[in-house]
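First the structure, in the form of structure tokens, and then the observations on it.
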Amino acid sequence: MVMESYRDAYRNMMDCYETCDPIAVAVALLGDEIVQETVCKPCYIETEGALTRGALIVDWFQRYPSEKRNPVRIVTKIDGHKLIDLMVESVLE
């Protein structure tokens, strides 16, 4: 079943199929080897909202005072082929 889901991910990759957890693990393991593009933006965790408590808020346009916001490196592009290779390798070994 895992292998089938990876095949589906590969098939759908051009349609922006997102695999958030495997991407996070791949970036942690491979770092700059897989990361192709990043941006640094101020971010904070919403703690007051009734509907969004715990949400990561990215100030994409830097419209709000940044003294309480820490800049975070956000991965915006990865090498999709390396991700698929890593996922397939992880289930074959």
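The values are calculated or read from the model by the stated rules, or taken from the named source; none is laboratory data. A quick note: this is a predicted structure, and the numbers were derived from the prediction, not measured. Counting neighbours? That spans all protein chains shown, and the Cβs are built from the backbone with ideal geometry, glycine included.
For segment 71-89, check the following and say yes or no: at least one residue is over 19 Å from Q36 (Cβ atoms), in contact with a helix residue (DSSP H, G or I) (Cβ under 7 Å, 6 or more places away or on another chain) and in contact (Cβ under 8 Å) with a residue 24 or more places away in the chain. Among the residues of segment 71-89, at least one is over 19 Å from Q36 (Cβ atoms), in contact with a helix residue (DSSP H, G or I) (Cβ under 7 Å, 6 or more places away or on another chain) and in contact (Cβ under 8 Å) with a residue 24 or more places away in the chain, which makes the answer yes.
Only residues that are part of a helix (DSSP H, G or I) and among the acidic types (D, E): list them for segment 25-84, please.
Hits for segment 25-84 are D32, E33.
Yes/no per residue for (1) closer than 23 Å to D8 by Cα; (2) at pLDDT below 90; (3) touching a strand residue (DSSP E or B) at 6+ places or on another chain (Cβ under 8 Å):
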position: V27; (1), (2), (3): yes, no, yes
position: I34; (1), (2), (3): yes, no, yes
position: T38; (1), (2), (3): no, no, yes
position: E46; (1), (2), (3): no, yes, yes
position: A50; (1), (2), (3): no, yes, no
position: G54; (1), (2), (3): no, yes, yes
position: V58; (1), (2), (3): no, yes, yes
position: G80; (1), (2), (3): yes, yes, no
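Residue count for segment 60-70 under the criterion of being at pLDDT 85 or above and surrounded by 12 or more Cβ atoms within 10 Å (Cβ to Cβ): the result is 0.
Test E93 against the criterion of being over 18 Å from the mean Cα position of the chain (by Cα) and at pLDDT below 85, and give yes or no.
Yes: the conditions hold for E93.
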